Each structure stands twice: as structure tokens, then as C-alpha cells.
Amino acid sequence: MEVHYLDNASTTKPCAEAVETIIRCLTTDYGNPSSLHKMGLNAQLYMDNARKNIAKVLGCNNVDSILFTSGATESSNISILGTAKIYGKRKKKVVTTTIEHASVKECFNELERQGFEVVKVSPNKDGEITYQDIVNAVDDNTFLVSCMLVNNETGYILPIEKAYNGIKKKYPDVITHCDCVQGFLKVPINVRTLKADLISISGHKVHAPKGVGALYVSKGTRISKSNLGGKQERGFRSGTEALPNIAGFGSAVEVYYPTIKERFEYVSKLKQYLIDSISKYSWICINSKEDASPYIVNISVLGVRSEIMLHFLEEKGVYISSGSACSKGEKSGVLSQFGLSERHSDSAIRVSFCETNTTQDIDAFATALVEGFNKILKS
């Protein structure tokens, strides 16, 4: 059966260059980056290259600002909980939104349990979070603001640059964190204009292996150590680095960085082709906004529960998601925050693209979707 993989927001297929680098670091260049002999130094060169490539994408001049982690979940945990340990002794207020990924949301739930005042900015009646909404939530008692750049369920793009610039102008000491997982290597990101002190990114969303991510830490920003031990990652994250994963991440970044604009334009055409293919059906509701990231399209198949449609499509070789993969099928509540009814939320599915997808994938999806709708309602 031909496979039509349209679940790239959950994970992507590692690119050939990343796989080749990983194999090399497992079989030939397998030294410990902390060792002082030649094999250790060769391993360190892979680390340096990956750090340099990621820093370049983020417009960061200081490569030492890039710390490697096991993934964006760890990056966000270190950012939020680590900032609270340092800056939360005098000030007790933090700000986030109601549409964050679980890795951020659960950190703020934990801070709330610890007694911090947590302000969660919600979308307005038009389903928008304005930059002014975020800025207005900050006051003299605030030490941290954390907002995602691109929502992982709908592709909604938050006005982070305007919000964080506004916050830094009024409250320069507030630490700003941004979950850039669904934006990294898909939209331009520059730390100088974004004004984020901390940025979380993930490898497996951009054709690198699972189990590796990175955290950007701006100069002068203090976070507590995530664990104790050696001096790896500037002492913030002790333990021998996962060299094959990190090196693979670096290779994937090197491959995909030059084509951000071209890939965005191509995927935008795929999104429009999808919308044109399915918008003629009255039982389909497109939940993603027109100006959302083209990489993610959220739709509701009214009358059919998400997981039922997901498994029907799977039988036809079409792979999509019913929401965030990290939720393991549980409702995240994000769609209701955007004003969707329970009926729309219960029937929502997410299609997510990468540059290897084609109109044939969309045709297969649309055909299976119509067949599934007709068959499931009759059963």
C-alpha cells in the first residue's frame, strides 16, 4: 500500500544527510567530545558544527548561546522552571497563553502549585491573541513571559516579535521565552528582532533524529542547572552529549536552512490545494486561519469523531493526527480556546506538511476522507 504521510508536525523523516552523519558517529567517529585525544577532538568538531549551524539559523553571533538538550520539552522545562529558581525569589508573577504546548503548560501548572501567580492570556472573540494582550498582562511583579511562536495544533502564528519588543521596552528585566518548535526552519527567526531571551527548538520536527533539541540562552540570562555533574554544555546540562543525535541535527539544519523561503512558498501552494480540494464539502470546517503557518491545517469533519476518522484514513495508507501527538489522543483544550464548539473539537484532525509532500498525497487524503465520511455515517 502506498503511504501518504501528512503528520509532519508530529515528526519528520530524518533526511539522508542526517542519517549518514549519525551512522558515521556510531561506527567511526564515536569518540567522547570531552576526551582530549584525537577521537575526542573529532567528536567535538561535530558538536561545534551543529552549534554553529543552529546559531546561524537563529541569527545568533555567539555559538556558546546554544545548549543541546534531549528535545524541546527539556529545553522549555529548563527555561521556565530554571528561570523561576533564579528570578522567582523576589517577583512572583509569570505570563503565558492558554494555547501552549503541554511541555510549557505543565511547567506553568507546576509554578502555580508552588504559589506563583500565573496569568494565561486567552484568544479574544475573533480567535486572536494580540501583542497588546500579552504586553498588558505584564507588570512590575512579572519575571517571566513564555509564548509559542506557532501553535502546533492550528498553525496560528502569535505576534511574538511585537509583544516581546513591547515588553522589553517597558520592562527590560523580564525574561522572555519562546517555544519555536513549529517555526524553526519554517519561518525566519532572528534572536535580535524576536527579543526572546530563551528559545526552545526540536530536532525531529526538521528531519533530524528524535531525542535531540536545543536551547538558546541570551547573554546575561541566568537559569539554574538542570542536573549536576561535569562541565558539559557550559555546566547547565551535565552528562556525556548524545553525539550522533546532535551531529545529525547539525547536518539536517545545514541542509534545510538555505531553502526556508522556497519551502514556505511550496508548502503554501500545497495548503491552498488542500483547501480547494475539501472546502466544497459542507460537512468540512477549516479551523486554521488563512494567515496561519501553511505547514499545519486543522479541519473538522462534522459528525465523525477524530480518532475514528484517523484510523479509517490509516487503513487507506493516509497518516494524519487528531491533534498534538504528545496528548496521546487526549483532548488538549486548545481548539476550545480558539472558540471552537465541542462538536468541532471532537471531530478535528490535523494535516501537516513538509517539502516532500505532493498534490498526490492531498488527493489520496481527500478521496479517503470522503469515503470515510460516507462509510462511517452509514455504519
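The values are calculated or read from the model by the stated rules, or taken from the named source; none is laboratory data. Just so you know, these numbers come straight off a predicted model, no measurement behind them. Backbone-built Cβ (ideal geometry, glycine too); neighbour counts: all protein chains shown. Only protein heavy atoms, including side chains, enter the accessible area calculation; ligands, DNA and RNA are left aside. Shrake-Rupley method; radii C 1.70, N 1.55, O 1.52, S 1.80 Å.
Filtered by the rule that a residue be assigned to a loop (DSSP other than H, G, I, E, B) and either over 12 Å from His101 (Cα atoms) or at pLDDT 90 or above (or both), region 332-349 gives Phe338, Gly339, Leu340, Ser341, Ser347.
Residues in region 103-119 that are open to solvent by 20 Å² or more (accessible area, probe 1.4 Å) and over 19 Å from the mean Cα position of the chain (by Cα): Asn109, Glu110, Glu112, Arg113, Gln114, Gly115, Phe116, Glu117, Val118, Val119. For region 306-317, filtering for residues that are buried (at least 17 other Cβ atoms within 10 Å of the Cβ), touching a residue at least 40 places away in the same chain (Cβ under 8 Å) and not hydroxyl-bearing (Ser, Thr, Tyr) leaves 4. Ile199 passes every criterion in (1) part of a loop (DSSP other than H, G, I, E, B); (2) among the β-branched types (Val, Ile, Thr); (3) over 30 Å from Cys285 (Cα atoms); (4) at pLDDT 95 or above apart from (1). Collect the residues in region 95-141 that are basic (Lys, Arg) and modelled with pLDDT of 95 or more, keeping them in residue-number order. Matches in region 95-141: Lys105, Arg113, Lys120. For region 4-56, filtering for residues that are aliphatic (A, V, I, L, M) and closer than 30 Å to Ile296 by Cα leaves 9. Counting just the residues of region 293-305 that are of a type outside the set (Ser, Thr, Tyr) and open to solvent by less than 10 Å² (accessible area, probe 1.4 Å), which one comes out nearest to the chain's Cα centre (by Cα)? For region 293-305, the residue satisfying everything is Ile296.
Within region 152-168, does at least one residue satisfy the condition of being of a type in the set (Ser, Thr, Tyr) and free of Cβ contacts under 8 Å to residues at least 60 places away in the same chain? Checked against the condition, which is being of a type in the set (Ser, Thr, Tyr) and free of Cβ contacts under 8 Å to residues at least 60 places away in the same chain, region 152-168 yields at least one hit. Identify the single condition in (1) in a loop (DSSP other than H, G, I, E, B); (2) within 15 Å of Thr97 (Cβ to Cβ) that Leu185 does not satisfy, given that it satisfies every other one. Here Leu185 clears every test but (2).
Return the pair list, or none, for Cβ contacts closer than 7 Å from residues in region 188-201 that are open to solvent by 60 Å² or more (accessible area, probe 1.4 Å) to residues that are of a type in the set (Gly, Ala, Ser), at least 6 apart or on different chains. Sorted first by the residue in region 188-201, then by its partner, the pairs are Arg192/Gly59. Looking only at residues in region 271-285 that are charged (D, E, K, R) and out of contact with any Phe, Trp or Tyr (no Cβ under 9 Å at 6 or more places or on another chain), the one that is most open to solvent (accessible area, probe 1.4 Å) is Lys280.
A single entry from His4, His37 fulfils the requirement of being without any contact (Cβ under 8 Å) to a residue 24 or more places away in the chain and over 16 Å from Ile201 (Cβ atoms): His37.
Every residue in region 128-149 that is touching a residue at least 40 places away in the same chain (Cβ under 8 Å) and within 20 Å of the chain's Cα centre (by Cα), please. Residues satisfying the conditions are Leu144, Val145, Ser146, Cys147, Met148, Leu149. Figure legend. Inter-residue proximity from region 248-266: first residues under 24 Å from Thr359 (Cβ atoms) and in contact (Cβ under 8 Å) with a residue 24 or more places away in the chain, second residues part of a helix (DSSP H, G or I) and open to solvent by 20 Å² or more (accessible area, probe 1.4 Å), beta-carbon distance below 7 Å, spacing 6+ or different chains. Indicated pairs: Val255/Glu17. When the residues of region 350-379 are filtered to those that are touching a Ser or Thr at 6+ places or on another chain (Cβ under 8 Å) and part of a loop (DSSP other than H, G, I, E, B), the one that is surrounded by the fewest Cβ atoms within 10 Å (Cβ to Cβ) is Glu355.
Every test in (1) polar (S, T, N, Q); (2) in contact (Cβ under 8 Å) with a residue 12 or more places away in the chain; (3) assigned to a loop (DSSP other than H, G, I, E, B) is passed by Asn124 save one, and that test is (2). Among the residues of region 212-229, those that are in a loop (DSSP other than H, G, I, E, B) and open to solvent by 40 Å² or more (accessible area, probe 1.4 Å) comprise Lys219, Gly220, Arg222, Lys225, Ser226, Leu228, Gly229.
When restricted to residues that are more than 14 Å from the chain's Cα centre (by Cα) and closer than 18 Å to Phe264 by Cβ, region 161-187 contains 1.
All of (1) open to solvent by less than 10 Å² (accessible area, probe 1.4 Å); (2) in a loop (DSSP other than H, G, I, E, B); (3) touching a helix residue (DSSP H, G or I) at 6+ places or on another chain (Cβ under 7 Å); (4) not aromatic (Phe, Trp, Tyr) hold for Val145 with one exception: (2).
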